[in-house]
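Below is one structure, written out as structure tokens, with a few remarks after it.
The values are calculated or read from the model by the stated rules, or taken from the named source; none is laboratory data. From a predicted model like this one, the values you see are computed outputs, not experimental measurements. Cβ coordinates were reconstructed from backbone atoms using ideal geometry, including for glycine residues, and neighbour counts include every protein chain displayed. All accessible areas refer to the heavy atoms of the entire protein, side chains included, with ligands and DNA or RNA removed. Shrake-Rupley method; radii C 1.70, N 1.55, O 1.52, S 1.80 Å.
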Amino acid sequence: MCLRVEDHVILDVDKKGPKVTITVDGKVIEAYEGEPILAALLSSGIRINRYTVKKHEPRGIFCGIGQCSDCSMIVDGQPNVRTCITPVKAGMVIKTQDGLSKGESK
Amino acid sequence: MIENRDIVVVGAGPAGLAASIEAGRAGADVLLIDLNMKPGGQLFKQIHKFFGSSAHRSGTRGYDIGLQLLKEAEKAGVEIWLQSTVMGVFPGNLIGIEKGTDAGEKELVTLKAKKIIVATGASENVVRFKGWTIPGVMGAGAAQTMINVNHVRPGRKIVMLGSGNVGLIVSYQLMQAGCDVVALIEAAPKIGGYAVHAAKIRRAGVPIYTKHTIVEAIPGEDKTVSKVVIAEVDDKFQPIPGTEETIEADTVTIGAGLKPALDIVKLAKCDLTFNGPFGGFIPLHNEKMETSKEGIYAAGDATGVEEANTALEEGKIAGISAAESLGLISSDKAEAEREEIWKRLTALRMGPFGERRLKEKENVLHEYKEKIGAPSEWN
């Protein structure tokens with residue numbers, strides 16, 4: 001289930017960074033270095049990024065430009081990372097964030 | 001030690017880039033700050049051709065305009081800090097900046113600027129229906145960023161809420177990216193945006209529901225959108241019981257307009273005014289784009305939501321005026337250039353949509369004269 005845009009009348013969608021892998025909640029997915037983490041997740045059909053503090057409700061992409069923080073996740077042990085404005089690096093370990101999360105030591 | 005700068009511009013969209021280019025060309029030491037991974041603001045997601053006259057690059061796609069501006073900024077010697085967020089502004093034009101990504105090491109930097117130009121743009125409005133917070137419901141602009149900038153589809157079957165130009169253009173672009181737009185929902189009795197954009201949607205066979213709204217987005221087993229319930233609305237935009245219809249969809253995109261991003265002008269205690277057609281509260285400003293605070297300028301959507309060309313022109317005015325106040329451009333030259341730009345802005349604010357903005361802009365300038373007169377020092 002890949003949601004990458006292929007063949008576009010206007011855009012050059014083949015211009016991408018090197019193909020790498022990242023781990024999301026223990027599952028290895030493909031990504032392109034330099035693209036927002038969120039884009040890699042969406043391309044693999046991952047649409048839940050975090051759960052809210054009080055009601056434990058799921059949240060996913062909402063603004064896509066770093067303003068709303070609904071796409072925050074734990075990246076390499078660091079919580080509250082806005083995945084829409086944080087670029088992919090090879091081997092990143094990403095986890096769905098539950099509440100505020102204290103993160104983990106690196 | 002605190003670094004000193006002539007001009008710090010916040011926001012690297014069309015207004016901020018244009019301001020930086022003008023000021024840089026005049027010889028000012030310009031630092032342009034943006035929180036995103038790339039400069040250009042929302043220009044790089046505008047893959048349609050622009051309207052207007054050749055002076056306003058009609059027929060050119062937004063991202064080509066973005067590339068041109070980046071080249072010009074480089075030539076003008078503008079320094080750009082990306083992935084940098086302005087955290088605060090303080091009396092004396094001190095600016096606190098966080099540099100670096102959320103995932104990496106962050107550094108806090110404090111700068112002192114002789115002049116600040118606020119070009120922070122706007123954020124999307126939301127419509128609150130049952131289930132509006134579940135994953136799969138997002139801003140139309142968010143969906144547009146995913147397809148046109150990141151080349152990833154936010155979902156497969158889309159319900160678009162709102163038929164203004166954003167709703168219409170993004171619907172079409174979602175189809176170009178390979179998504180299925182299963183419904184376009186509009187509460188008003190008529191489509192809001194330009195007929196030329198609406199015609200493309202109609203030709204593609206997208207069902208358009210005017211006088212309708214979304215009542216609920218229903219999550220599936222995976223906790224993300226799986227069904228969308230719509231209903232007809234009465235003259236007061238209230239859903240009429242019994243008219244509900246359920247649509248299979250995995251994504252809802254909300255194109256309900258934008259509101260100016262005011263965080264920085266509020267921190268600087270700039271005087272605001274409420275203006276509905278411009279999207280809500282905006283900073284009062286004069287014909288130099290200077291706010292009620294001396295040396296703090298604002299331009300683009302941050303002073304009233306319009307479009308990229310008006311943002312560019314306002315940005316130029318802010319850049320020229322800031323350079324003028326630093327003594328880098330003579331007042332005669334600055335005045336002559338401003339006059340030309342205001343003429344072009346009047347030309348842009350034409351037609352049934354533009355004339356109202358032309359009048360509102362005049363009202364804002366008038367209110368500034370009445371209430372503020374001259375900008376005051378920020379203490």
In whole Hz, the Karplus estimates of ³J(HN,Hα) for the range A:46-54 (6.51, -1.76, 1.60; θ = phi - 60°; x where Gly or Pro) are 8, 10, 10, 9, 7, 10, 6, 5, 7
Before anything else, pin down the relative contact order of the range B:63-210: Cα pairs under 8 Å, at least 6 apart, normalised by residue count, whole percent.
13 percent
Roughly speaking, what is the centre-to-centre gap between the range B:123-192 and the range A:1-35 when only Cα atoms are used, to the nearest Å?
22 Å
Could you report the accessible area of B:Ile169 in Å², rounded to 10, computed with a 1.4 Å probe on the protein chains as they sit in the structure?
20 Å²
For B:Glu216 and B:Lys38, calculate 0.36 nm times their separation in residues minus their Cα-Cα distance, and state this gained length in nm to one decimal.
60.5 nm
With the contact rule set at Cα under 8 Å and sequence spacing of 6 or more, what percent relative contact order holds for chain B?
18 percent
Compute the relative contact order of chain A as a whole-number percentage, counting only Cα pairs closer than 8 Å that sit 6 or more residues apart in sequence.
28 percent
If Lys and Arg each add +1 and Asp and Glu each add -1, what is the summed charge of the other residues whose beta carbon sits under 12 Å from the beta carbon of B:Glu186?
+1
Just how much of B:Tyr297 is accessible, in Å², when a 1.4 Å probe is used and the result is rounded to the nearest 10?
0 Å²
Once you have the Cα-Cα distance between B:Ala374 and B:Lys259, take 0.36 nm times their residue separation minus that, and quote the gain in nm to one decimal.
38.8 nm
Run the numbers for B:Arg128 and B:Phe353: contour at 0.36 nm per residue of separation, minus the present Cα-Cα distance, in nm.
78.4 nm
Tally the DSSP beta bridges in the protein assembly as shown and give the antiparallel ones as a percent, rounded to 5.
55 percent
From the phi of every residue in the range B:267-280, what ³J(HN,Hα) in whole Hz does the Karplus formula 6.51 cos²θ - 1.76 cosθ + 1.60 yield, where θ is phi - 60° and glycine or proline is x?
4, 7, 6, 6, 5, 10, 9, 8, 9, x, x, 8, x, x
Going by amide H atoms built from the backbone, whose H comes under 5 Å of the H on B:Val152, apart from near neighbours?
A:Val5, B:Ile147
Karplus-derived HN-Hα couplings along the range B:33-43 (A = 6.51, B = -1.76, C = 1.60, θ = phi - 60°), whole Hz, x at Gly and Pro
10, 8, 7, 7, 6, 9, x, x, x, 8, 4
Which FRET efficiency value, to the nearest 0.05, is calculated for B:Glu362 and B:Arg156 with the Förster distance at 45 angstrom and r the Cβ-Cβ distance?
0.45
What distance in nm separates the two pseudo spin-label positions at A:Asp76 and B:Glu244, each 7 Å out from Cα along the beta-carbon direction?
4.8 nm
Using only protein heavy atoms and a 1.4 Å probe, report how much of B:Leu31 is accessible, in Å² to the nearest 10.
0 Å²
Name the long-range amide H neighbours of B:Thr273: under 5 Å, sequence gap of 5 or more, or other chain; modelled H, no Pro or chain starts.
B:Ile282, B:Leu284
Helix-derived mean residue ellipticity, 222 nm - over chain B, DSSP H n ≥ 4, -39500 (n - 2.57), to 500
-9500 deg cm²/dmol
Virtual spin-label span in nm between A:Lys102 and B:Lys71, 7 Å along Cα→Cβ:
5.5 nm
Between B:Ile117 and residues 5 or more places away or on another chain, the pairs with built amide H atoms under 5 Å apart involve B:Val8, B:Val9, B:Val10, B:Tyr297
Estimated distance in nm for a label pair at A:Lys55 and A:Glu33, the labels positioned 7 Å out from Cα along Cα-to-Cβ:
4.2 nm
